[in-house]
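Q: The structure follows.
The values are calculated or read from the model by the stated rules, or taken from the named source; none is laboratory data. Because the structure is predicted, anything quoted here is derived from the model rather than measured. All Cβ positions, even for glycine, are placed from backbone atoms using ideal geometry, and neighbour counts span all protein chains on display.
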């Protein structure tokens, strides 16, 4: 036996004498779920508000809480304090604030059957996010720097460029978007927003268009040459803009055509690409 052993026994006896755990209550009551939801909502909707301002907003709503409670709720959810939270704008907030002036661009590839076998073509498109309107910027076998520069000049043309009036364009990290291409857009007043690497979810609207054109059309045909591919894409975009309803904009048409005034006119099925794409309209009077 050593002196340390005796001292350890002595400390245990003291701890046991004053152990009040059996009589201890449940501790500090948890934050009410309503308060928690309000704190998180106010913090997310106002990223520059500090703890005290959130407390004041809750007081205006008839809920009294302390700064410590607000800090604990935000810390539990991993939400940074106001200075840091305000400097890091979420993508959702950025998109909502600049919705009308944002476009997104992307590539997808199509294997075309030719006399020499399968040839991969690259399809470059640009989408206006607020309306979902899509512009087919080009179809090419091997995109390069010169081709991208010409496409860029077409997009920012002062007369009919698709990016005319746009403030931002979202691009991924594809090396085809060269520094010269990005500088061309910037000189025309279109700021390039480059996405982090391997983050397709941040360009979700463009990715959704790629899925639509494949599921609705390209997965069900064999493109016989590049001319056939361009024809198919043109027909699909006509259908996409004027005849296909889109859930992302309230299940509406992007650019509805004027229909007949008579709502009792005969309903007709109309087709594109041999019936691959269908839509319905009333016969004109």
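Q: Does residue 107 fit the bill of being at pLDDT 95 or above and either within 24 Å of residue 246 (Cα to Cα) or not assigned by TED's automatic domain parsing to the domain that holds residue 198 (or both)? Spell out how you get there, then give the answer.
A: Details: at pLDDT 95 or above: yes; either within 24 Å of residue 246 (Cα to Cα) or not assigned by TED's automatic domain parsing to the domain that holds residue 198 (or both): yes.
Here the answer is yes, as residue 107 does meet what is asked.
Q: Does residue 86 meet the test of being out of contact with any helix residue (DSSP H, G or I) (no Cβ under 9 Å at 6 or more places or on another chain), at negative phi and modelled with pLDDT under 90?
A: Yes, satisfied.
Q: Taking residue 203 as the residue in question, decide whether it is part of a helix (DSSP H, G or I) and without any contact (Cβ under 8 Å) to a residue 12 or more places away in the chain.
A: Numbers: part of a helix (DSSP H, G or I): yes; without any contact (Cβ under 8 Å) to a residue 12 or more places away in the chain: no.
Answer is no for this residue.
Q: Looking only at residues in region 132-172 that are in contact (Cβ under 8 Å) with a residue 24 or more places away in the chain, touching a helix residue (DSSP H, G or I) at 6+ places or on another chain (Cβ under 7 Å) and part of a strand (DSSP E or B), which one is surrounded by the most Cβ atoms within 10 Å (Cβ to Cβ)?
A: My answer is 169.
Q: Still on this structure, please answer the following. Would you check if there is a residue in region 218-235 being farther than 30 Å from residue 115 by Cβ, loosely packed, with under 11 Cβ neighbours inside 10 Å and without any contact (Cβ under 8 Å) to a residue 60 or more places away in the chain?
A: The first filter runs over region 218-235 and keeps only residues farther than 30 Å from residue 115 by Cβ, leaving none.
Within region 218-235 (the criterion being farther than 30 Å from residue 115 by Cβ, loosely packed, with under 11 Cβ neighbours inside 10 Å and without any contact (Cβ under 8 Å) to a residue 60 or more places away in the chain), the answer is no, since none of the residues qualifies.
Q: Please name all residue pairs, on different chains or six or more residues apart, with Cβ atoms under 6 Å, provided the first residue is in region 261-285 and is closer than 26 Å to residue 234 by Cβ and the second residue is part of a helix (DSSP H, G or I) and modelled with pLDDT of 75 or more.
A: What qualifies is 272/235; 272/239; 273/235; 276/220; 277/239.
Conditions (1) surrounded by 18 or more Cβ atoms within 10 Å (Cβ to Cβ); (2) over 22 Å from residue 140 (Cα atoms); (3) touching a strand residue (DSSP E or B) at 6+ places or on another chain (Cβ under 7 Å); (4) in the same structural domain as residue 131 (by TED's automatic domain parsing), marked per residue:
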site	(1), (2), (3), (4)
174	no, no, yes, yes
177	yes, no, yes, yes
184	yes, no, no, yes
242	no, yes, no, yes
